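Peer 1: Starting off with a structure, shown below.
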Amino acid sequence: MKKVIEILVIGGSAGSFELLLKIIPRIKIDIKFVVLIVLHRKHNTNLSISELFRNKTPLPVLECEDKDKLIPGSIYFAPADYHLLIEKDRSVCLDYSEKENYSRPSIDITFKSASDIYKEKAAAILLSGANKDGAEGLKHIYQNYGTTIVQNPNEAEISTMPNEALKIFNPQYVLKVEEIIDLINNF
Amino acid sequence: MMAPDIVGDEDLEQLLNEVANVYGYDFTEYSKASIKRRINRICLLDKHKSFAELRYKVLNDQSYLSRFIEEVTVNVTEMYRDPFFYKALREKIIPKLGVNPYIKIWLAGCSTGEEVYSISILLHEAKLAHKAIIYATDINPTVLEKAKTGVFAINQMKLYTENYNNSGGSSDFSTYYSANYDHVSFKEYLRKNVIFSTHNLASDRSFNEFQLIICRNVLIYFDKNLQDKVFNLFDASLEKLGYLALGSKETIRFSHLNQTYKQVEKEKIWKKTR
């Protein structure tokens, strides 16, 4: 059954950067939802991740700043070394509190926050990674009747993260990258 | 396991209003998403099973208040966080401050002091410390006590040294502290020109005029309304041609200060033009 979504949150860690290089250029330009990406990465580099992706798609690609409003049809990255939460007015709330699952940004925190605000209109994808961040948050989205997608662990470069999610609940979709791209373009 | 929220939106509003009325600590204009998460976190940490239990404890046990404030406000910080920011301070801002007979700096939201020592070292290396005063303030008296000691965990020093080097520091960083087992103590002379004091950005007034105000990763916890009030406070506390420095994802773009402040190249540093 096709569901209208208002936000797609993508969480990834080790092995996910290359996947995003495949996925982002192929997202259709007429999407009607927000794409928000939480990617574990090293901070202290002066290079912004949004700049790396900016010439790969005609859609606007932005690294979130405090209080930025999330606009449909745009692709946002959570900034390195901040947790990202969402306010009721759909603006961004950054938080430099303790790491969660050894991670900042934590995928769990953003998944949960997106679910609390967008409820059943939230969708989330959990990609390759070497820790368990994101699994609980994805389950939270599922319990709030949102759409949950896990990268097929057989295909993931590091399958720990997808497997952690599959251990604790049954998401609606377990997909390979090509299938993920098709699904995104059919939301 | 991700526990369901114990404190909902209405509970949150009620509690924050009561805390403001009873204790005078006003968190009602903090960012809702963040403070709601912090308060639910306290419930988990301190094992409050219901909102009523937390509310009773906060409102009836005054000794619990400091714990509450410490956990609601975020006190995560590091030395020379974002080395490129400190490089800009070191190379572009501090030399300009040197022309003044006195240099007054306000470090608002100094938490446990890591930034205080970072800046003090910059002033010493610029040979300007003798005429500089740093006012280091925070809402939370407990963290200020820690800041005054200048004692930090030794396992952070590898990161801090790396940050210091990346900020353009050319001394041997270890000359600034002495190591003892699992911690280090920063040298006494680094806090000679530092005044530590409580100050609540949400309710307290301007107390001096400065040439540089540094407030990093504090405004992210405030809603737009409160941010505006704090921008007014900073504006009133900044000399003409003074500088305002914010965190790497913070901005004055949404504020009226945008008209009268000019950004220093790409840095999160703005100069007051009139």
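Peer 1: Run down B:Tyr160, B:Tyr135, B:Tyr117, B:Tyr164 and say which single residue is in contact with a His (Cβ under 9 Å, 6 or more places away or on another chain) and of a type in the set (Phe, Trp, Tyr).
Peer 2: B:Tyr135
Peer 1: Which condition does A:Ser115 not pass, out of (1) in contact with a helix residue (DSSP H, G or I) (Cβ under 7 Å, 6 or more places away or on another chain); (2) farther than 16 Å from A:Val34 by Cα; (3) not aliphatic (A, V, I, L, M), if it passes all the others?
Peer 2: (2)
Peer 1: Within the stretch A:1-18, which residues are surrounded by fewer than 22 Cβ atoms within 10 Å (Cβ to Cβ) and aliphatic (A, V, I, L, M)?
Peer 2: Within the stretch A:1-18, A:Met1, A:Val4, A:Ile5, A:Ala14 qualify.
Peer 1: State whether the residues of the stretch B:53-68 include one that is within 14 Å of another protein chain (Cβ to nearest Cβ) and in contact with a helix residue (DSSP H, G or I) (Cβ under 9 Å, 6 or more places away or on another chain).
Peer 2: no
Residue-wise test of (1) more than 14 Å from chain B (Cβ to nearest Cβ); (2) under 14 Å from the mean Cα position of the chain (by Cα).
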{"residue": "A:Glu18", "(1), (2)": "yes, no"}
{"residue": "A:Arg26", "(1), (2)": "yes, no"}
{"residue": "A:Val34", "(1), (2)": "yes, yes"}
{"residue": "A:Val38", "(1), (2)": "yes, yes"}
{"residue": "A:Arg41", "(1), (2)": "yes, yes"}
{"residue": "A:Ser48", "(1), (2)": "no, no"}
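Peer 1: Continuing with this model, one more query. Kindly provide the set of residues from the stretch A:110-124 that are over 19 Å from A:Pro79 (Cβ atoms), more than 9 Å from every other protein chain (Cβ to nearest Cβ) and in a helix (DSSP H, G or I), ordered by number.
Peer 2: A:Ser115, A:Tyr118, A:Lys119, A:Glu120, A:Lys121
Peer 1: Now for a different question. Regarding the stretch B:154-176, can at least one residue be identified that is closer than 16 Å to B:Phe196 by Cβ, touching a Phe, Trp or Tyr at 6+ places or on another chain (Cβ under 9 Å), buried (at least 16 other Cβ atoms within 10 Å of the Cβ) and touching a residue at least 12 places away in the same chain (Cβ under 8 Å)?
Peer 2: no
Peer 1: Wholly within the stretch B:77-184, which strands (runs of 3 or more DSSP E) include no fewer than the required count, namely at least 1 residues that are within 29 Å of B:Leu201 (Cα to Cα)?
Peer 2: B:103-108, B:132-138, B:151-153
Peer 1: Could you check, for the stretch B:229-243, whether at least one of its residues is within 14 Å of chain A (Cβ to nearest Cβ) and assigned to a strand (DSSP E or B)?
Peer 2: no
Peer 1: When the stretch A:73-98 is examined, which residues are found to be of a type in the set (Asp, Glu) and either part of a strand (DSSP E or B) or closer than 16 Å to B:Ser31 by Cβ (or both)?
Peer 2: Hits for the stretch A:73-98 are A:Glu87, A:Asp89, A:Asp95.
Peer 1: Write out, first by first residue and then by second, each pair whose Cβ atoms fall under 6 Å of each other, whose residues are 6+ apart or on separate chains, and whose first residue, in the stretch B:1-29, is away from chain A (no Cβ under 14 Å) while the second is crowded, with 17+ Cβ neighbours inside 10 Å and basic (Lys, Arg).
Peer 2: What qualifies is B:Leu15/B:Arg55.
Peer 1: Hey, among B:Ser248, B:Ser185, B:Ser255, B:Ser178, which residue is more than 14 Å from every other protein chain (Cβ to nearest Cβ), polar (S, T, N, Q) and in contact with a helix residue (DSSP H, G or I) (Cβ under 8 Å, 6 or more places away or on another chain)?
Peer 2: Step by step, each of B:Ser248, B:Ser185, B:Ser255, B:Ser178 is checked, and only B:Ser185 is more than 14 Å from every other protein chain (Cβ to nearest Cβ), polar (S, T, N, Q) and in contact with a helix residue (DSSP H, G or I) (Cβ under 8 Å, 6 or more places away or on another chain).
Peer 1: For the stretch A:53-72, give me each residue that is β-branched (Val, Ile, Thr) and part of a strand (DSSP E or B).
Peer 2: Correct list: A:Val61 only.
Peer 1: Out of the residues in the stretch A:161-187 that are part of a helix (DSSP H, G or I), crowded, with 19+ Cβ neighbours inside 10 Å and not hydrophobic (A, V, I, L, M, F, W, C), state the one that is farthest from the chain's Cα centre (by Cα).
Peer 2: That would be A:Glu164.
Since every read-out is calculated from the coordinates, none of them should be taken as a lab result. If you're wondering where the values come from, they're calculated on a predicted model, not measured in any experiment. Reconstructed Cβ throughout: ideal geometry from the backbone, glycine too, with neighbour counts over all protein chains shown.
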